[in-house]
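The values are calculated or read from the model by the stated rules, or taken from the named source; none is laboratory data. Note that the structure is a prediction, hence the values are computed from the model and not measured. Positions of Cβ are generated from backbone atoms using ideal geometry, with glycine treated the same way; all protein chains shown enter the neighbour counts. Ligands, DNA and RNA are excluded from the accessible area calculation, which covers all protein heavy atoms including side chains. Shrake-Rupley method; radii C 1.70, N 1.55, O 1.52, S 1.80 Å.
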Amino acid sequence: MCQSGVKVWSLLVTLHTEPENWGPDAHKFNPERFTNGITGACKLPHLYMPFGVGPRVCLGQNLAMVELKILISLMLSNFSFSLSPNYKHSAAFGVVIEPEHGVNLLINKW
Ligand code: HEM
């Protein structure tokens, strides 16, 4: 129990990489984990909140999702992408999780 007025902060990056919720590969980059949606990817879906939650939830969430879907579908319908052999996997924790050495891609037009 918390006293009234106590502020509780949680670090999103910790919630998003907690092995008890995401499984033993929680720290691996594995977009396939979302094949069956968020509920298929983890045990407690309400702990996944990339846009925040509650009264201060991201105002641009729906716009951002639509923009990303349009952008990704345009890119995938025009180009094929594969990782360059020079790619070095190294996830770095900043404001968000970022690739420490960037992501070198080989891009071909279909
Ligand atoms: C992938 C893209 C985006 C991500 C991951 C993201 C994520 C977030 C997060 C985590 C917050 C804090 C929520 C909280 O305090 O609980 C936030 C707030 C906010 N975002 Fe975004 N955002 C994105 C795109 C956008 C876009 C495109 C806009 C505007 C067009 C936008 C406008 C805002 C605003 C105005 C707030 C402050 C809301 C408030 O404090 O009342 N965001 N966003």
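Residues in region 1-56 that are among the polar types (S, T, N, Q) and not in a loop (DSSP other than H, G, I, E, B): 3 in all.
Looking at region 79-96 only, could you name the residues that are open to solvent by less than 60 Å² (accessible area, probe 1.4 Å) and more than 16 Å from the ligand (Cβ to nearest atom)? Across region 79-96, the qualifying residues are Ser80, Ser82, Ser84, Tyr87, Ser90, Ala91, Ala92. Filtering region 97-110 for residues that are within 13 Å of the ligand (Cβ to nearest atom) and in contact (Cβ under 8 Å) with a residue 40 or more places away in the chain leaves a non-empty set. The set of residues in region 1-41 being of a type in the set (Phe, Trp, Tyr), over 25 Å from Pro99 (Cβ atoms) and away from the ligand (no atom under 16 Å from the Cβ) is empty. The residue of region 1-30 that is farthest from Gly52 (Cα to Cα), among those that are open to solvent by 80 Å² or more (accessible area, probe 1.4 Å) and among the aromatic types (Phe, Trp, Tyr), is Phe29.
Applying the condition of being open to solvent by 60 Å² or more (accessible area, probe 1.4 Å) and either within 18 Å of Glu18 (Cβ to Cβ) or more than 6 Å from the ligand (Cβ to nearest atom) (or both) to region 42-58 and asking which residue is nearest to the chain's Cα centre (by Cα) yields Pro50.
When you go through Phe34, Phe51, Phe79 one by one, which is the residue that is among the aromatic types (Phe, Trp, Tyr), touching a helix residue (DSSP H, G or I) at 6+ places or on another chain (Cβ under 9 Å) and modelled with pLDDT of 95 or more?
Numbers: Phe51 fails: modelled with pLDDT of 95 or more; Phe79 fails: touching a helix residue (DSSP H, G or I) at 6+ places or on another chain (Cβ under 9 Å).
None of the other options fit; the residue is Phe34.
Among the residues making up region 9-66, those that are touching a residue at least 12 places away in the same chain (Cβ under 8 Å) and of a type in the set (A, V, I, L, M, F, W, C) are Leu12, Val13, Leu15, Trp22, Phe29, Ala41, Cys42, Leu44, Leu47, Met49, Phe51, Ala64.
Does region 62-69 contain at least one residue that is of a type in the set (Lys, Arg), under 16 Å from the mean Cα position of the chain (by Cα) and either assigned to a strand (DSSP E or B) or more than 7 Å from the ligand (Cβ to nearest atom) (or both)? Yes: one or more hits.
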